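Asker: This is the structure I want to talk about, given as C-alpha cells.
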Protein chains: 2
Amino acid sequence: MTTIKAYGTESADADLELMEIERRDVKATDVKIDILYCGVCHSDIHAAHNDWGSATYPLVPGHEIVGRVLEVGSDVKNFKKDDLVGVGCMVDSCQTCGACEDDLEQFCEKGMVATYNSKNKHTGKKTFGGYSTSVVVTEEFVLKVPENLDIKAVAPLLCAGITTFSPLNHWKIKKGDKVGIVGLGGLGHMGIKLAHAMGAETVMITTSPDKAKDAKRLGADSVLISKDEDEMEEHKGTFDFLLNTVPVKHDINPYLKLLKRDSTMVMVGAIEPLEPMHGGSLIMGRKRVAGSLIGGIKETQEMLDFCGENNIVSDVEMIEMKDINKAFERVMDNDVKYRFVIDMKSLKDK
Amino acid sequence: MTTIKAYGTESADADLELMEIERRDVKATDVKIDILYCGVCHSDIHAAHNDWGSATYPLVPGHEIVGRVLEVGSDVKNFKKDDLVGVGCMVDSCQTCGACEDDLEQFCEKGMVATYNSKNKHTGKKTFGGYSTSVVVTEEFVLKVPENLDIKAVAPLLCAGITTFSPLNHWKIKKGDKVGIVGLGGLGHMGIKLAHAMGAETVMITTSPDKAKDAKRLGADSVLISKDEDEMEEHKGTFDFLLNTVPVKHDINPYLKLLKRDSTMVMVGAIEPLEPMHGGSLIMGRKRVAGSLIGGIKETQEMLDFCGENNIVSDVEMIEMKDINKAFERVMDNDVKYRFVIDMKSLKDK
C-alpha cells in the first residue's frame, strides 16, 4: 500500500478537504497512473452529498481522470511508462457475464466497480476517485488518450463524452440525420460537438434563448427554443433522434412530438422521475424512449479515438484542488462552461 | 346513396338507438359489404361518450367488421361477390405519403380516415362504423378473412388482434423469446394467443391472481402476479419483450425492471398519462419504452393469414344489436370475456 494525498469528505454535510488515502501496490495486471487532471462531474456532488443514499465515508470523488503511466505490472500488455491514459467511471467488473462479454461492463450483471464509493475487488476496502495524486487500475479499465488533444480538456470526455457518444453511436447516427440535443450543460455541450462531428444536422433544443450563440459556437446548426410553441410545431415530426441531457424533472411529451415515426429519444441525464408521459405521445408514430448509461470500455476507447481524429475536447474551466468546494457550488448553480477540471499539480504541490 | 339501418347516438349522454344512415353508391374501386358481425371495442364507448373530445354526432361506432361482399366496383381486382372480408379501424388514407408508401397507413401524414367519426373522402360527409347492416369501402382497406375460422369470433381481430400482433411482429418476436403480456382484457387475451402461437414463452402479467387459470387456458405458459414483489424480483431482467395492454394510469417502473438489457416494453393500451417514469428505470440496462398503434393494411392481412394458419380467433360473447347499451356498461365494468360481438342479423331483422 502507498499513502497518497486526496481531497474527499468525511460526511454528507462536510466540505471536501485534504486527506490521506491508500492505493494498492501494483499487481501483475495493474497500471499505476500519475493523475494530471480530473474533471468535476455533477455526480461527484451527488455522491459527496449522499443524494442517492449509497455514499459511505470517507468519500473521494472523481471519475474523469487523465494522467501518465508511472508503472505497469509484469503482465500488462497494452501500456508502458509515460503513456497518456484515462480512467472513467468504472475500474472493474466481473469480466465474465453476458454484459461484460458484450463489452458493456457498465451493465455487468454482478455490478461494475465504480471508480469511487464502490468495493475495491483487490483490497476488499473501497475505491477512491480521481481527486487524488495517483491511482492504480487494472489494465482492462485503462484507456489510451490521443496525444494530439489538449489533455486537460480531455478529462471530461471520460464521463460526459462517453455518456453522449454512446447513444449517438449505438443508435447509429450518421451524416444527414437531424439530431436534437436537449439541454445545454456538461453533457449537452459534448452532445453537440459529437453529433456535429458525426455529420448530423445538429439542433440545440433549450428553454434559454441566451444559450443560442454558444450552442452555435459549439457546433449546433440551429437552435430550437422549446418554450416557443410555434417553433416546436414547425419542427414536429422532423427529428431522427433526440438526446435528452436534462437532469431534472421535466415534461418529455413536447419533445416526443418532434420525433419522426419510429424514432427514439434517449435519456441520459434523468435523475429525477419525469413528468407523466402520455401513452399517445408514444403510440402516434410508434415513438421510442430509451435510456443509456456511460458506455463500455471498448466503446469509450472508440470515443477517445474519434475525439482524437476530430480534435474534440470539452470546454473547460481549470481550477486548483483547494477551490473544489466553490466549484461544487457553481456547478449546482449551473455556473460553468461547461466543465471544471482540477489541475492536480495544485494538490501535489500542496 | 342508399339508406340503411344502424345503431348510433345523437349525443355524448344518450344511449345508442336505431337510426338511418346513408352509404355511398359503389364506385369503381369500392367494395360493398353485407355486415355479418361487428365487435365492440372500448374505443367505441370512448367515442360515443366523446371522452376524447373529437366526437361529432350522429355517431355510429364499430371498427371490427366481418361480412360478405355484396357488390364490387368495375376496377376492383382482389375481391368478388360473396368473399368473406373484414374492415378494421381505417377505411382510407392519402396513399401517397411516406407512411402510406411504407404500408403504415395508420400513421398517414395527412391523417388516416377512421372507420367512424372521420371525414368521408368520397362524400365529404362523415364516416359511420360497423354497427350497421352494410358498408362501402375502397378496395385497399378491405381485408380477406380466412374461411376456416369461426367468423363471428374473427371480428375482434380487426382491432384487438392487429393492435397486439403488430408490436409482436414489428419487434420480431420469435420462438423461445420470453414475452410478457401485461393486463388481461380484450387486448391482453389476444396478446397471449398471438405470442404463444409465435412460439414465445408467454407470461401473463396481471394484478389479479384470479385471472391465472383463464390466462393459461388462453395459452400463457405461466402467470406473474405483479403485486407480488418477490415474484417480480425473481423475474427481474429476464424478459425479451413486454406488451403492455393496460388502458388506465399506472406505474410502469416495476415492469421495466423485468426487461433484459436492450429490451423493449411496448404500450398499446395507454390512454391516460402514465405515472412518472424514472430515468434510472431506462438507463440501467438501456431499456426502451415504445408505442404502437393498430397496424397497416398489409400487416393486418398478415395477421389474419397468421390467425387462419394457427386457428386463432377471439374469445367472444355474442349479443343482439338492441343489447348494445347494456354491453357498453359491462365493458366499462370489465365484465366481458373478452369481447362482445354483435350478430348483425339482429339489426337486419328488426
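The values are calculated or read from the model by the stated rules, or taken from the named source; none is laboratory data. As the structure is a computational prediction, the values presented were derived from the model and not from experiment. With ideal geometry, Cβ positions are generated from the backbone for all residues, glycine too; neighbour counts draw on all protein chains shown. In case anyone asks, the SASA skips ligands and DNA or RNA and just uses the protein heavy atoms, side chains included. Shrake-Rupley method; radii C 1.70, N 1.55, O 1.52, S 1.80 Å.
Asker: With θ taken as phi - 60° and the coefficients 6.51, -1.76 and 1.60, list the Karplus ³J(HN,Hα) couplings across the stretch A:37-54 in order, rounded to whole Hz; mark glycine and proline as x.
Answerer: Taking θ as phi minus 60°, the curve returns 9, 9, x, 10, 9, 4, 4, 4, 6, 4, 5, 4, 8, 6, 5, 9, x, 10 Hz for the stretch A:37-54.
Asker: Under a Cβ-Cβ cut-off of 14 Å, what is the net charge of the residues other than residue B:215 that fall near it, where Lys and Arg count +1 and Asp and Glu count -1?
Answerer: Details: positive: B:193, B:211, B:213, B:216, B:217, B:337; negative: B:201, B:210, B:214, B:221, B:315.
Net of charged neighbours comes to +1.
Asker: Ok, one more. Heavy-atom accessible area of residue A:94 with all protein chains present, probe 1.4 Å, nearest 10 Å²?
Answerer: Counting only protein heavy atoms, the figure is 30 Å².
Asker: Hey, rough spin-label estimate for residue A:251 and residue B:125, points 7 angstrom out along Cα→Cβ, what's it come to in nanometres?
Answerer: Computed distance between label sites residue A:251 and residue B:125 equals 4.0 nm.
Asker: What's the local net charge at residue B:162, with K and R +1, D and E -1, over the other residues with C-beta under 15 Å away?
Answerer: Values: positive: A:286, B:144, B:193, B:298, B:339; negative: B:64, B:103, B:105, B:299, B:302, B:305.
Neighbourhood net charge equals -1.
Asker: How many lysine pairs does the stretch A:211-268 hold where the Cα atoms are under 18 Å apart and the two sit 8 or more places apart or on different chains?
Answerer: 7
Asker: Another one. Could you give each residue of the stretch B:282-290 its phi-based ³J(HN,Hα) in whole Hz, using Karplus coefficients 6.51, -1.76, 1.60 with θ = phi - 60°, and x for Gly or Pro?
Answerer: 8, 5, 6, x, 6, 6, 10, 10, 9
Asker: Return P(r) of the stretch A:160-291 (all Cα-Cα pairs; 10 Å bins starting at 0; whole %; ordered from short to long distances).
Answerer: 14, 50, 34, 3
Asker: Every other copy gets compared here: list the nm distances from the residue A:147 label point (7 Å along Cα to Cβ) to its counterparts, shortest first, one decimal.
Answerer: Nearest first, the other copies' label points are 8.0 nm away.
Asker: A further question follows. Could you list which residues have their amide H under 5 Å from that of residue A:250, counting only those 5 or more apart in sequence or on another chain, with H placed in the peptide plane?
Answerer: It is A:275, by chain and number.
Asker: Round to the nearest 0.05 the FRET efficiency obtained for residue B:236 and residue B:46 when R0 = 41 Å and r is the Cβ-Cβ distance.
Answerer: 0.75
Asker: A further question on this structure: How much of the DSSP beta bridge set in the protein assembly as shown is antiparallel, as a percent to the nearest 5? Could you put the intermediate results ahead of the total?
Answerer: On the way: 73 of 127 bridges.
About 55 percent, rounded to the nearest 5.
Asker: Looking only at A:285, A:161, A:188, which one moves most when chain A is put into a Gaussian network model with springs between Cα atoms under 10 Å?
Answerer: For chain A, modelled as a Gaussian network with Cα springs under 10 Å, the answer is A:285.
Asker: Let me ask something additional. How high is the relative contact order of chain A, given as a whole-number percent (alpha carbon pairs under 8 Å, six or more residues apart)?
Answerer: Working: 830 pairs, mean separation 62.6, N = 350.
This gives 18 percent for chain A.
Asker: Of B:118, B:54, B:222, which has the largest mean-square fluctuation in a 10 Å C-alpha GNM of chain B?
Answerer: B:54
Asker: Taking 56 Å as R0, compute the FRET efficiency from the Cβ-Cβ separation of residue B:22 and residue A:333 and round it to 0.05.
Answerer: Given R0 = 56 Å and the Cβ-Cβ separation, E is 0.25.
Asker: Could you report the accessible area of residue B:20 in Å², rounded to 10, computed with a 1.4 Å probe on the protein chains as they sit in the structure?
Answerer: The value for residue B:20 is about 140 Å².
Asker: While we're here: Any chance you could give the angle, 0 to 90 degrees and rounded to 10, that helix A:186-197 forms with the longest Cα principal axis of chain A?
Answerer: 70 degrees
Asker: From the label point of residue B:82, set 7 Å from Cα along Cα→Cβ, how far away are the matching label points in the other copies, in nm, ordered shortest to longest?
Answerer: 9.3
Asker: Report, to the nearest 10°, how far helix A:160-170 tilts away from the longest principal axis of the Cα atoms in chain A, using its own Cα long axis and a range of 0 to 90°.
Answerer: For A:160-170 against chain A, the angle is about 50 degrees.
Asker: OK, next. Going by amide H atoms built from the backbone, whose H comes under 5 Å of the H on residue A:115, apart from near neighbours?
Answerer: Under 5 Å from the amide H of residue A:115 lie the amide H atoms of A:90, A:91, each far enough along the sequence or on another chain.
Asker: Pull up the cross-link candidates among the lysines for residue B:350, meaning alpha carbon to alpha carbon under 17 Å and not fewer than 8 places away within one chain.
Answerer: The reachable lysines, counting only those whose Cα sits under 17 Å from residue B:350, are B:5, B:322.
Asker: Going by Cα centres, the stretch B:2-56 and the stretch B:102-179 are how many Å apart?
Answerer: Cα centroid to Cα centroid, the span is 15 Å.
Asker: Most mobile of B:187, B:158, B:218 per a Gaussian network model of chain B (Cα springs, under 10 Å)?
Answerer: Comparing B:187, B:158, B:218 in a Gaussian network model of chain B, the most mobile one is B:218.
Asker: Also, I was wondering about something else. Around residue B:94, with a cut-off of 12 angstrom between Cβ atoms, what is the net charge of the other residues, counting Lys and Arg +1 and Asp and Glu -1?
Answerer: In short, -3.
Asker: Taking amide H positions as placed in the peptide plane 1.01 Å from N, state which residues far from residue B:242 in sequence (5 or more) or on other chains have amide H under 5 Å from it.
Answerer: B:180, B:264, B:265, B:266
Asker: Report, in cubic angstrom per residue, the convex hull volume of the C-alpha atoms of the stretch B:53-96.
Answerer: 135 Å³
Asker: Follow-up question, since we're still on this one. Between the label point of residue A:320 and that of the same position in each other copy, find the distances and list them shortest first in nm, with every label point placed 7 Å from Cα along the Cα-to-C-beta direction.
Answerer: 9.4
Asker: Can you sort B:330, A:286 by solvent-accessible area, 1.4 Å probe, largest first?
Answerer: B:330, A:286
Asker: Still on this structure: Give me the percent relative contact order of the stretch B:160-291, please, defined on Cα pairs under 8 angstrom at least 6 residues apart.
Answerer: 21 percent
Asker: Okay, moving on. So, in nm, how far is label residue A:3 from label residue B:227 when the simple model puts each one 7 Å beyond its Cα toward the Cβ?
Answerer: It is 5.9 nm.
Asker: For A:265, A:284, B:198, write out the residues from largest to smallest accessible area, computed with a 1.4 angstrom probe and no ligands counted.
Answerer: Solvent-accessible surface, decreasing: A:284, B:198, A:265.
Asker: Based on the Cβ-Cβ distance of residue A:275 and residue B:216, what FRET efficiency does E = 1/(1 + (r/R0)^6) give at R0 = 45 Å, to the nearest 0.05?
Answerer: Calculated transfer efficiency: 0.75.
Asker: Helix-only estimate, please: 222 nm mean residue ellipticity of the protein assembly as shown, summing -39500 (n - 2.57) across DSSP H runs of length 4 or more and dividing by its residues, to the nearest 500. Walk me through the numbers before you get to the answer.
Answerer: On the way: 22 runs with 168 residues, N = 700.
Result for the protein assembly as shown: -6500 deg cm²/dmol, rounded to the nearest 500.
Asker: Once the whole set of protein chains is in place, how much accessible area is left on residue B:240, using a 1.4 Å probe, in Å² to the nearest 10?
Answerer: Taking all protein chains as shown, residue B:240 has close to 40 Å².
Asker: Through the Karplus equation 6.51 cos²θ - 1.76 cosθ + 1.60, θ set to phi - 60°, convert the phi angles of the stretch B:207-223 into ³J(HN,Hα) values in whole Hz; use x for Gly and Pro.
Answerer: Each residue's phi maps through the Karplus curve to give 7, 10, x, 6, 8, 4, 4, 5, 4, 5, 4, 6, x, 5, 6, 7, 10 Hz.
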